[in-house]
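Reading through the structure tokens given below for one structure.
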Amino acid sequence: GRSSATLPRVREFFAGRPGMQGLLAMLMALSVLLLVTMLFITHNSLDSAVVRGDSDQQRQWMAQQFSRIHSSQLRLEERLQAIDGRLDGLVSNGLPQASQPLLAQPASAAADTVAPERGLRQPSAAKEGRAKRHARGSASAAGCEGERRPYHVLLTAQDSLYQAWQTRIMYYHYQRQRAADPCGEVGGFTRMLNSATGRPDALMAEIPTVLVDQLTPGSGCREGGDTCDFGFPVMNRPHGVAQLLAKMGRGEVPQIVEDYVLITETDHVFLRPLPNRATPDRPVCYPFGYMKAEAPELRPIVSRYGFDPSVVDPCGPSPVLIH
């Protein structure tokens, strides 16, 4: 985030230094390789544990695996912090000094400030107007023929340097696909940022963002009720969507004008425009083979919340395209 304002100059700096380009590429490739290896090992081990273990042992084992993944992510973030530090060193030694980053500004100086009493993002009038015009343009493009059913892209993100890098890549490819097909169904964009501090980050200066509160992390907060993630950070996604809808209902953030919403994550990348195959009564999602509601260990849990396991789709909270 600290390097966002100077990134164009850094690219120019790297352009004439192939050796530095190779160093940066090697560090990023190593980080990605570590993450892929951890996920592969965890996935294979999880399949084994589900087959041979009882439900209590499975829950304990899964909690240990989530802890290992979290530790791996922290190590990756340390590597990214090191890369970020090298970029700062290049800027200070070989490039003009950048302007002060958004995070270093007082709340009153930022375009989007935070109300201390509620921790809510208060959009400036100018930015709110731009966001509304952006959404209206996505709902009806001038000169386009045929029936369009545009959807709003809702990116769910956590406040970390790791996901900030992913977010910028994801948003870049979203912009490419939208520009390639102005009459397509890819509509407006909102990043829903789950933040533990409630403060704006540097990416809010370039990506439409709504701040929502993050659940208390850790498996030891079981007495926290609806404010605890029980060691499962993915719970922040539905928790954040509920807050976003409440904020729109109170008029605190711009309304989403599209009839459909695509819920995505920071590691999703658009390779081509995604057509809207959803209907008002039938959403579209990506099926996950391990999310089987009829599995013996999951059937009691699904039934407890009033759902028939035989009709529950094997989908998570994203990617989902829904009316």
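Read-outs: derived from the displayed coordinates by stated rules, not from any lab. Please read all numbers here as calculations on a predicted model, not as lab measurements. Backbone-built Cβ (ideal geometry, glycine too); neighbour counts: all protein chains shown.
Neighbours of MET170 by Cβ distance under 10 Å: Lys/Arg scored +1, Asp/Glu scored -1, total 0. Scalar couplings 3J(HN,Hα) for segment 245-257, obtained by applying the Karplus form with A = 6.51, B = -1.76, C = 1.60 to θ = phi - 60°, are 4, 5, 5, 5, x, 8, x, 7, 9, x, 6, 7, 8 Hz; x denotes Gly and Pro. For segment 149-227, the direction-averaged projected area of the alpha-carbon convex hull comes to 6.5 nm². Packing, as the average of other Cβ atoms within 10 Å across residues, places the peptides 195-207, 57-69 in the order 195-207, 57-69, highest first.
Convex hull of alpha carbon positions in segment 192-320: directionally averaged projected area 10.5 nm². About its Cα centre, segment 192-269 has a charge dipole of approximately 200 debye under the convention of +1 per Lys or Arg Cβ and -1 per Asp or Glu Cβ, with nothing else charged. The residues neighbouring TYR151, those whose beta-carbon lies less than 11 Å from its own, together hold a net charge of 0 under the Lys/Arg +1, Asp/Glu -1 convention. Subtracting the Cα-Cα distance of GLU297 and GLN255 from 0.36 nm times their residue separation leaves 11.1 nm of extension gain. Rg and Dmax, both from the Cα atoms of segment 244-323 and both in Å, are 15.6, 44.
Starting from the Cα-Cα distance between GLN57 and ASP308, subtract it from 0.36 nm times their residue separation and give me the gain in nm to one decimal. Mind showing how you got there, number by number?
Values: separation 251, 0.36 × 251 = 90.36 nm, distance 2.56 nm.
The GLN57-ASP308 span can extend by a further 87.8 nm.
Label separation (ARG272 vs MET28): 2.5 nm, computed from points 7 Å beyond Cα along the C-beta direction.
Peptide packing: for 208-214, 33-39, the average count of neighbouring Cβ atoms within 10 Å per residue gives the ranking 208-214, 33-39, highest mean first.
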